[in-house]
Amino acid sequence: MMILLDRVTKIYGKDNPAALNRVSLHIEPKEFVIIVGTSGAGKSTLLKLLTREEKPTNGKIVVGGIDYDTLKDKNIPLLRRKIGVVFQDFKLLPQRTVFENVAFALEIAGMSNSEIKHTVPKVIELVGLKGKEKQFPNSLSGGERQRVAIARAVVRQPKILIADEPTGNLDPKHSWDIVRLLEKINRYGTTVLLTTHNQDIVNKLKRRVITIDEGKIIADIAQGNYRQGEA
Ligand code: ADP
């Protein structure tokens, strides 16, 4: 799905400076984009506008042909199905097993038990957690917990995966495992938007990097020839 922002401004409250200031952006289907910027730059605001957790004060947002100006509240769940999200702090359900955490996303979508039993193991295998289905989150490493969160985010096959600082709580090795997993999901055709403070990841990934500062895009750079060797 194409992502288009045209001069999008977001001002929280009345007297605050703009969290996003006339941001225009164009992201092609299946791109892998890294978003960087210091704390308070506006990264989360941008992501929340895409998931419709926040509405812009001004400007136009169109995602996959859906114009947010005309998007009705009753259609927001449909939009959210197309956008998976993972966070730094995983947000898993502690009383549920790995399997149940992933299945939960399908249960609330009204999927039948037999479909769930068919779908969940495939996704658990995709993220490399086969054999851990019955474990609870507190028995997993941080990297494994993030894999569960990613499994849950992609189990309904979203077109876009938003990963908001997914490696923020992980050591370097686990961080790279997660980044590699995001690349794999991207290769299967999902747009990935990754925010990170990890300069090593930014440098080594050789992907498009958008830098936000004080609510503006101050750089948008396609690093290297990252398209080579990709499907
Ligand atoms: P980042 O994700 O890059 O750290 P944010 O998008 O969270 O940046 O924040 C951008 C600016 O908007 C900051 O000045 C922040 O304080 C402000 N902001 C974010 N969310 C809210 C909110 N719900 N209410 C008021 N101000 C907010």
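What to note about this one:
- Residue check, ARG7 part of a helix (DSSP H, G or I) and more than 16 Å from the ligand (Cβ to nearest atom): no
- Options THR70, THR119: the member that is over 28 Å from ILE27 (Cα atoms) and away from the ligand (no atom under 16 Å from the Cβ): THR119
- Matching helices (runs of 4 or more DSSP H) fully within the range 54-143 where at least 1 residues are touching a Phe, Trp or Tyr at 6+ places or on another chain (Cβ under 7 Å): 113-126
- Where ASP89 falls short, out of the listed (1) surrounded by 17 or more Cβ atoms within 10 Å (Cβ to Cβ); (2) closer than 27 Å to ILE178 by Cα; (3) out of contact with any strand residue (DSSP E or B) (no Cβ under 9 Å at 6 or more places or on another chain): (1)
- Test result for ILE185, of a type outside the set (Gly, Ala, Ser) and away from the ligand (no atom under 16 Å from the Cβ): yes
- Filter result for ASP15 (more than 16 Å from the ligand (Cβ to nearest atom) and surrounded by fewer than 17 Cβ atoms within 10 Å (Cβ to Cβ)): no
- Subset of the range 18-27 (residues that are near the ligand (Cβ under 8 Å from one of its atoms) and at positive phi): none
- Test: residue in the range 196-214 that is under 25 Å from GLN95 (Cα atoms) and modelled with pLDDT of 95 or more: no
- Members of the range 28-41 found to be assigned to a strand (DSSP E or B) and more than 16 Å from the ligand (Cβ to nearest atom), listed by number: PHE32
- First in the range 42-56 and near the ligand (Cβ under 10 Å from one of its atoms), second anywhere and in a loop (DSSP other than H, G, I, E, B), Cβ under 6 Å, 6 or more apart: GLY42/ALA19; GLY42/GLY215; LYS43/GLY37; THR45/ALA19; LYS48/GLU54; LEU49/PRO56
- Taken as a whole, the structure places LEU106 among residues that are surrounded by 18 or more Cβ atoms within 10 Å (Cβ to Cβ), over 20 Å from LEU194 (Cβ atoms) and in contact with a Ser or Thr (Cβ under 7 Å, 6 or more places away or on another chain).
- Qualifying residue in the range 145-166 (condition: over 28 Å from GLU53 (Cα atoms) and surrounded by fewer than 18 Cβ atoms within 10 Å (Cβ to Cβ)): no
The values are calculated or read from the model by the stated rules, or taken from the named source; none is laboratory data. Predicted model only: the values in this text are computed from it and were never measured. No Cβ is skipped: glycine too gets one built from the backbone with ideal geometry, and neighbour counts run over all protein chains shown.
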